[in-house]
1. Figure the gain on full extension for Glu94 and Arg156 (residue separation times 0.36 nm, minus the Cα-Cα span) and round it to one decimal in nm.
2. Along Cα→Cβ, 7 Å out, is where each label goes; now give me the distance between the ones at Lys84 and Leu43 in nm to one decimal.
3. Determine the distance separating the Cα centre of the range 69-121 from the Cα centre of the range 132-164; give it in Å without decimals.
4. Placing +1 at every Lys and Arg Cβ and -1 at every Asp and Glu Cβ, with all other atoms neutral, what dipole size does the range 22-169 have around its Cα centre, in debye to the nearest 20?
5. Just to check, using Stokes-Einstein with a Kirkwood Rh over alpha carbon pairs, what's the diffusion coefficient of the range 72-171 at 37 °C and 0.692 mPa s in µm²/s?
6. Be a star and scan the range 110-129 for residues whose amide nitrogen sits under 19 Å from the point 7 Å along the Cα-to-Cβ vector of Lys67.
7. Cross-link list Lys34/Lys109; Lys36/Lys84; Lys57/Lys135; Lys34/Lys93; Lys36/Lys160: which exceed 20 angstrom alpha carbon to alpha carbon?
8. Using a Gaussian network model on the chain with a 10 Å cutoff between Cα atoms, which of Leu78, Leu95, Leu46 fluctuates the most?
Amino acid sequence: MKKITLVFAVIVVQFQIQAQRKIMPTESFTVKGKVKTEMTFNLNQLDNFARKPIADKVIYNHKGEAKDTVRNMKGILLTDVLAKIEYQYDKPKELSEFYFVCTASDGYKVVFSWNEIYNPEIGNNLYIITEMEGKAPKDMAQRILLFATSDFKSGRRYVKGLETIEVRRAE
C-alpha cells in the first residue's frame with residue numbers, strides 16, 4: 001500500500017511540475033510573416049531606441065484580480081520598433097486586414113490588429129520593456145517583455161520571453 005501511495009504521489013508531483021509554465025528568457029525577437037524583410041532585434045539593438053519612463057502598474061488577471069505590481073520601468077514603444085519594418089501590401093487599405101501574433105518562449109500568444117496598434121491610444125501604451133525595478137533586460141528573469149500598459153486586465157497581454165511577432169493578413 002505504501003508503494004502505491006508513493007507512486008501516486010510521484011505522479012501527481014510530475015503533473016504539477018509539467019503544468020507550470022517554464023518561461024525561458026529571450027535575448028532577441030524576430031518580426032516575420034507579411035513583411036518585406038524578416039528582422040531580428042537583440043538586446044543590444046534595443047539600446048538604440050528611445051526609452052520612456054513608465055508609471056508603476058498593477059497586473060490584473062482575466063477576473064480583474066490584482067496579481068502583481070511592476071515598478072520602475074522604462075520601455076520602447078512597439079510602434080518605434082515596427083517603424084523599421086516594411087509590410088507586404090499593394091494598397092494601404094489592406095493594412096486594416098493585418099494582425100500581429102506575439103509569441104512567448106513558452107508558446108503563449110497575444111494578438112493585436114494593425115488598427116489597434118496604429119490608430120487608438122493603445123499604440124502609445126504598448127511597450128517592449130527595457131528596464132524594470134532598476135534592472136537592465138539582460139538581468140531581468142522575464143526578458144524580453146511586451147506590455148500593454150493601458151489594458152484594464154493587463155495580465156492577458158503581458159508577454160514574458162517575447163520570441164516572435166508574426167505579421168499575418170486576415171483572409
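1. So the chain would gain 19.6 nm between Glu94 and Arg156.
2. 1.6
3. Between the Cα centre of the range 69-121 and that of the range 132-164, the gap is 14 Å.
4. Once rounded to the nearest 20, the dipole reads 200 debye.
5. 232
6. 110-112, 126-129
7. Table pairs above 20 Å Cα-Cα are Lys36/Lys160.
8. Leu95
No value in this document is a laboratory result; all are computed from the given coordinates. The structure displayed is predicted, hence computed values, not measured ones. No Cβ is skipped: glycine too gets one built from the backbone with ideal geometry, and neighbour counts run over all protein chains shown.
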